[in-house]
Amino acid sequence: MATQKKLKMGMVGGGPGAFIGAIHRNAALMDGMIELTAGAFSSNPEKSKQAGEDLMLDPLRVYTSYDEMISKELLLPESERIDIISIVTPNNVHFDPTKKALESGFHVVLDKPMTLNYEEAKELYKIIKKSDKLFCLTHTYTGYPMIKQMKQMIADGAIGEVRKVYVEYPQGWLHKLLEHENNKQAEWRTDPARNGKAGCFGDIGTHAFNLAEYVAGIKVAKICADLDIKVDGRPIDDDGAVLMRFENNASGILTASQIDAGCENNLKIRIFGDKAGLEWQQEDNNTLRLRWPDKPDEIYRAGTGYLGSLANENIRTPAGHPEGYIEAFANIYRNFARCIYALRKGEEPKAEWWDFPGAEDGIRGMAFIENVLKSSASEMKWTPFEVEY
């Protein structure tokens, strides 16, 4: 039996000064199934070269652009060329490399959100659906084991019928005009040309929305949104709230802010049914709390023997050994890789392996931005949540 080889990965973006590229690399390499082989790490050729040197890559596999990487990798024997392209660029450089990668026969991992705007998302969705390659969108927080446990418990009826969803994502890093202080992350994330029409809600609001639908297992049907710009001189939103009504008539409240001075990244979700409620927060991500109306709370912990299959497939260490943000990212990469390996062998991947975000999450995230902006500009209380495929 032939030895299974590691999947080779090329990266677009993630060069000097980037934040998320290193997170993706650490996550992708964590389980020994993927190796970084090539990259076009910056639109600046010198910076791309420097990144390649820092990562000790073969200089011949460090490229000046993603177009060059795709074309030159295709010239290599199939056994040597990259299998996956990971795209970790600002939002305005999501659509084109993803389209070209898929159409050239590469699997794609893309940092969220899916595209710069909704029109690009609709076109890319069609391209993904036509492709025979796998596509993954890194909505990181769905990778946490206790989020997966929460999802499975709700699906199994542990809290009864879902009635109420609270999801909040408070940050404080943009409580002042940091984009005027030579901060690279603040500069592009507050620039509509590179980030898109929504600021805070395009960045972290989409994470909160994705988490709400993923965990609750039901889709949003209509919304009432109020977005705001709290810091003078900023062109796009940095704060807001959304009332949500789900398909089963459950109600929800989503808040996201990047001007909550002193807050870090304590994403939090609470879901209540007609029997009980469940709560999770990122600052204590290995804990899930089940609340009962007539008896004491139950505490579920990662790494323990009583968890469900969805959580257990995404845990690496025994109880009491914290797993965090990079491991959540790694779970997404590992499940993605597992599916590629299984399909190559002509096998059907386990259901738990397919549990990574993809095209549906991507287009619904972009539709969320579009609908929230429309609702915030309207005087109507409710506006329908519309999605085009």
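Quick notes on this structure:
- The stretch 50-63 residues that are farther than 17 Å from V12 by Cβ and free of Cβ contacts under 8 Å to residues at least 40 places away in the same chain, paired with ones that are among the charged types (D, E, K, R) and surrounded by fewer than 17 Cβ atoms within 10 Å (Cβ to Cβ) (beta carbon under 9 Å, 6 or more apart): P59/E53; L60/K72
- For S71, the conditions (1) hydroxyl-bearing (S, T, Y); (2) buried (at least 21 other Cβ atoms within 10 Å of the Cβ); (3) part of a helix (DSSP H, G or I) are fulfilled apart from (2).
- Q185 within 28 Å of I271 (Cβ to Cβ) and in a helix (DSSP H, G or I): no
- Qualifying residue in the stretch 143-153 (condition: assigned by TED's automatic domain parsing to the domain that holds R25 and out of contact with any strand residue (DSSP E or B) (no Cβ under 9 Å at 6 or more places or on another chain)): no
- Within the stretch 191-216, considering residues that are assigned to a helix (DSSP H, G or I) and among the charged types (D, E, K, R), the one farthest from the chain's Cα centre (by Cα): R194
- For the stretch 279-308, filtered to residues that are aromatic (F, W, Y) and in a loop (DSSP other than H, G, I, E, B), the residue that is surrounded by the most Cβ atoms within 10 Å (Cβ to Cβ) is W292.
- Only one of Y325, Y341, Y306 that is among the hydroxyl-bearing types (S, T, Y) and within 27 Å of T206 (Cα to Cα): Y325
- Of the residues examined, G362 is not one that is surrounded by fewer than 16 Cβ atoms within 10 Å (Cβ to Cβ) and within 19 Å of the chain's Cα centre (by Cα).
- Residue within the stretch 102-114 that is of a type in the set (F, W, Y), within 23 Å of L74 (Cβ to Cβ), part of a loop (DSSP other than H, G, I, E, B) and at pLDDT 95 or above present: yes
- Of everything listed in (1) outside any loop (DSSP other than H, G, I, E, B); (2) farther than 30 Å from P192 by Cβ, the single unmet condition for E120 is (2).
Results for (1) in contact with a Leu (Cβ under 9 Å, 6 or more places away or on another chain); (2) surrounded by fewer than 24 Cβ atoms within 10 Å (Cβ to Cβ), shown as yes or no for each residue.
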| residue | (1), (2) |
| --- | --- |
| V215 | yes, no |
| G233 | yes, yes |
| L243 | yes, yes |
| I259 | yes, yes |
| N266 | no, yes |
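- Residue tally, condition among the basic types (K, R) and outside any helix (DSSP H, G or I), over the stretch 123-166: 3
- Strands (runs of 3 or more DSSP E) wholly inside the stretch 217-278 containing at least 1 residues that are on the phi < 0 side of the Ramachandran plot, of a type in the set (F, W, Y) and more than 20 Å from the chain's Cα centre (by Cα): 239-246, 268-273
- For the stretch 93-126, the set of residues classified as under 12 Å from I363 (Cα atoms) and among the β-branched types (V, I, T) consists of T115 only.
- Of all residues in the stretch 159-187 being touching a strand residue (DSSP E or B) at 6+ places or on another chain (Cβ under 9 Å) and of a type in the set (G, A, S), the one that is nearest to P293 (Cα to Cα): G160
- Within the stretch 119-135, the set of residues being surrounded by fewer than 24 Cβ atoms within 10 Å (Cβ to Cβ), in contact (Cβ under 8 Å) with a residue 60 or more places away in the chain and not charged (D, E, K, R) comprises Y125, I128, L134.
The values are calculated or read from the model by the stated rules, or taken from the named source; none is laboratory data. Since this is a predicted model, take the numbers as computed values, not measurements. Cβ atoms come from the backbone with ideal geometry, glycine included; neighbour counts cover every protein chain shown.
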